[in-house]
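Presented below is the structure to which this report refers.
Values in this text are rule-based calculations from the coordinates and carry no lab data. Everything quoted here is computed from the prediction, not taken from an experiment. Methodologically, a virtual Cβ is constructed for each residue, glycine included, from the backbone with ideal geometry; neighbour enumeration extends over all protein chains shown.
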Amino acid sequence: MYWRWALSRGLSSAAARFHGHGRFTQRFSHAAPCGGCLGRSPWETRSKVLGCTETYSLGLRGLHDIRYQIHQDSSSRAEEPLDPFSLVADELSLLANRLRSMVVAEVPKLASAAEYFFKMGAEGKRFRPTVLLLMASALNMPISQSAADGVFNTLSNELRTRQQCIAEITEMIHVASLLHDDVLDDADTRRGIGSLNFIMGNKLAVLAGDFLLSRACVALASLKNTEVVSLLATVVEHLVTGETMQMTTTSEQRRSMEYYLQKTYYKTASLISNSCKAIALLAGQTAEVSILAYEYGRNLGLAFQLIDDVLDFTGTSASLGKGSLSDIRHGIVTAPLLFAIEEFPQLSEVVDRGFDNPADVDIALEYLQKSRGIERTRELAAEHANRAVEAIEAFPESDDEDVIISRRALVDLTNRVITRTK
Amino acid sequence: MLLRSILSAALRGRSTRRLFSVVAPRGASMGKERPPDSRSKVFFGFRETYFRAYNGLHDLRYQIYQDGSSIPEEGPDDPFLLVADELSLLANRLRSLVVTEVPKLTSAAEYFFKMGVEGKRMCPTVLLLMASALNVPVRESIADGVSSGLSNELRSRQQAIAEITEMIHVASLLHDDVLDDADTRRGIGSLNFVMGNKLAVLAGDFLFSRACISLASLKNTEVVSLMATAIENLVTGEKMQMTTTSEQRRSMEYYLQKTYYKTASLVSNSCKAIAVLAGQTSEVSMLAYEYGRNLGLAYQLIDDVLDFMGTSAALGKGSLSDIRHGVVTAPILFAIEEFPQLREVVDRGFKNPADVDIALGYLGESCGIERTRELAKEHANRAVLAIEALPESDAEDVQSSRRALINLTHRVLTRTK
């Protein structure tokens with residue numbers, strides 16, 4: 001039940017911010033198991049809560065009153081911004097540790113290599129697993145009401161573990177693809193630290209990537225769900241396809257927005273979208289709901305990448321050319337430039353020359369400045385973010401607090417993706 | 001059904017390999033007691049490409065049966081012949097399975113599936129034969145019509161295992177070549193040599209993902225587990241090879257474990273998968289596994305010997321590629337047991353060609369080669385025992401494919417290249 005406790009901690013701290021109540025420290029907010037016991041009186045639910053794992057039976061008697069109060073106040077609950085990351089931070093640590101131990105191989109050298117990317121500092125904000133865990137909570141709805149609560153708690157724990165497994169598998173696949181993409185690439189800084197390849201060489205990068213993929217495969221097999229296996233295997237295929245698309249583009253393809261968006265889907269959005277779908281499938285959701293989860297992931301991923309493209313030009317400032325410009329310097333043509341080409345066809349010549357000549361980079365930046373490339377990219381990102389929100393809003397209704405909060409967090413994430421500056 | 005016809009045709013002698021003739025409908029007894037004339041002509045409604053009928057040959061067949069004792073090795077039980085047509089079918093399907101929307105990726109992925117470079121295809125041969133060998137009805141009660149439909153479907157699924165196994169195998173070869181900096185493979189340039197390391201790595205990943213997708217479509221979680229284990233073992237084996245300590249390099253146990261991971265695990269787990277798909281019991285599945293495992297180990301041990309001997313009987317005439325790459329194999333390991341001073345030479349690595357000669361010298365004096373052959377023979381025997389322990393069946397196909405599997409173990413031992 002650890003995840004519930006963690007989630008409830010997040011919720012209670014969120015709730016505390018709502019109501020300024022200092023004494024919400026640890027409790028089961030979600031005292032109502034998914035057996036649809038929301039109709040029960042708080043007393044009943046509380047005693048059920050205490051019946052669960054002793055570690056967490058904090059008999060904070062008075063809390064049910066507060067909980068009841070929250071329900072009464074639910075209408076006046078402020079729509080205060082939640083930090084989606086902190087909602088699942090504890091669970092993520094759990095995952096990271098589990099991932100680390102799953103990765104420990106008989107050969108320490110390889111384990112430390114593979115572990116390299118799972119270390120705290122190197123993970124960025126662990127965006128993907130956050131999305132997946134929130135999605136799991138957002139879809140935590142009873143499918144059948146009939147299971148005895150005791151059984152159900154076990155089942156829902158097991159489900160959560162399986163969904164966490166998806167998050168782990170997704171990370172392993174992601175890192176494996178980074179490692180393999182690095183083979184013979186000159187990616188010397190990856191995520192702010194030297195890439196594994198740069199430090200340890202081509203061979204270990206290949207082997208470490210293989211190691212992660214094979215572990216992911218074993219973990220997938222253990223879930224005993226062949227549709228999920230299929231989804232995540234498709235992700236690997238897409239990652240490879242996207243990377244080879246990037247490696248082998250013709251000039252014409254480089255100028256094509258359609259090609260670019262397809263490649264972006266393959267390289268960035270497919271992983272999130274298909275793993276969101278896997279989360280939904282494991283939760284026993286219908287095909288429609290699973291597709292909604294997929295759509296959320298897909299649109300979020302695309303929005304993320306589009307803003308990434310913008311930031312590569314603007315950086316943390318609002319002005320152009322202050323970003324790292326690493327895409328353009330690597331000859332990768334992204335959305336802002338593609339939009340600019342639509343307004344200034346002469347830019348396509350410059351693009352075709354490649355960007356080996358720094359002067360060409362400056363020329364391109366000038367055109368970009370004159371054009372609405374940046375704005376249109378932001379608009380497109382906002383469009384995708386909206387579609388992501390719509391997908392969440394189309395989920396089957398639920399009164400469950402965790403579910404509501406997680407859905408809100410997912411919506412909040414789309415906002416953060418659009419407004420982030422790094 | 002296709003296979004039964006192939007097998008019957010094959011039983012009529014090699015020349016009729018491509019011809020499909022009269023075969024009794026499935027479920028009918030194909031035992032020797034049935035007089036040839038009473039067999040009726042039955043056509044099976046499957047792929048037209050293989051549809052040609054010959055009925056005069058049943059006389060020849062009868063003749064062979066009467067001479068039962070003298071079935072030549074190269075004849076009806078030639079394992080590769082028995083499944084040759086099916087293998088072509090598989091090869092075509094494989095080529096279509098690895099098509100992508102990025103032309104460069106497709107050419108990389110299909111590189112080793114092109115005609116002429118498919119390799120010996122030992123593994124798919126074993127798997128198809130195993131499928132036939134286990135074609136023992138688990139339940140007799142199904143009506144023939146239904147049963148032949150089901151058995152066609154079963155066969156397709158088992159063929160899929162063979163395809164999946166090939167994809168995994170080639171994926172691992174592509175990565176191994178990058179890890180070993182190999183220039184050639186199967187007589188042509190290695191993919192990394194021709195198209196670069198990165199594309200080779202990515203192509204390997206792609207094949208792996210396609211294999212997993214095919215695997216998932218079989219909708220059998222036990223089979224998925226088996227193949228996932230095989231995949232993990234392949235990586236573990238390669239890792240063991242790349243990162244050994246000196247002590248591990250001298251250990252026969254470590255070497256055998258690594259050999260199991262790198263060579264035998266794939267064939268053993270896929271044999272087991274074949275059995276699982278056929279609905280066999282876990283005992284029978286284990287027998288299939290044991291066959292694959294022992295065959296794989298025997299194969300690798302002889303491979304080690306051939307690396308020293310080549311096609312001649314003399315030492316040092318082989319390619320010596322293992323030792324030159326610093327890979328210490330069974331013959332050397334046995335020799336170390338007899339000549340502990342060889343240990344020092346081994347520990348130095350074999351970058352110095354003089355050390356290679358010294359090692360060969362010791363090897364020549366030792367029983368290393370012989371003992372390796374003996375060990376291989378032991379494994380081959382165990383493989384045979386596994387086949388012999390399979391549940392009895394009177395069906396001709398079943399018997400001939402089991403004989404073929406046994407025949408394979410002999411070939412593995414006696415091959416010279």
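Give me the Debye-computed log₁₀ of I(q)/I(0) at q = 0.16, 0.22 Å⁻¹ for segment A:200-296, equal point scatterers on Cα only, no solvent, two decimals. Here the Debye-derived log intensity ratios amount to -0.80, -1.09. Coupling constants for segment B:280-295 follow from the phi torsions by the Karplus curve (6.51 cos²θ - 1.76 cosθ + 1.60, θ = phi - 60°), and in residue order they are 6, 5, 5, 5, 5, 4, 5, 5, 4, 4, 4, 4, x, 4, 5, 5 Hz; glycine and proline get x. For segment A:271-290, backbone nitrogen atoms closer than 16 Å to the point 7 Å from residue A:397 Cα along Cα-to-C-beta are found at no residue. Mind scanning B:239/B:272; B:104/B:351; A:277/A:370; A:267/A:322; B:104/B:239 and naming the pairs with a C-alpha gap bigger than 31 Å? Distance filter (> 31 Å) returns B:104/B:351; A:277/A:370. Each label point was placed 7 Å from the Cα along the Cα-to-Cβ direction; for residue B:377 and residue A:369 their separation is 8.4 nm. Checked against a 23 Å cut-off, the cross-linked pairs A:224/B:120; B:262/B:417; A:203/B:258; B:262/B:377 give Cα-Cα distances beyond that limit for A:224/B:120. Shown here for segment B:100-206: trypsin sites (Lys or Arg not before Pro) in loop regions (DSSP other than H, G, I, E, B) with at most 13 other Cβ atoms within 10 Å, namely B:114, B:120, B:139. Inter-chain Cβ neighbour count for A:229-236, averaged per residue, equals 6 (cutoff 10 Å, partner chain atoms only).
Between residue A:161 and residue A:360, the simple spin-label model (points 7 angstrom out along Cα→Cβ) gives 5.6 nm.
Per residue of peptide B:175-187, the mean number of Cβ atoms on other chains within 10 Å of the residue Cβ is 2. Per residue, the convex hull around the alpha carbon atoms of segment B:181-313 comes to 147 Å³.
Ranking of B:303, B:357 by neighbouring Cβ atoms within 10 Å, starting from the fewest: B:357, B:303. State whether segment A:272-422 is rounded, prolate or oblate according to the following rule on the C-alpha gyration tensor (a ≥ b ≥ c being the square roots of its eigenvalues): a/c under 1.5 gives rounded; otherwise a/b larger than b/c gives prolate, and the remaining case gives oblate. Here segment A:272-422 falls in the prolate category.
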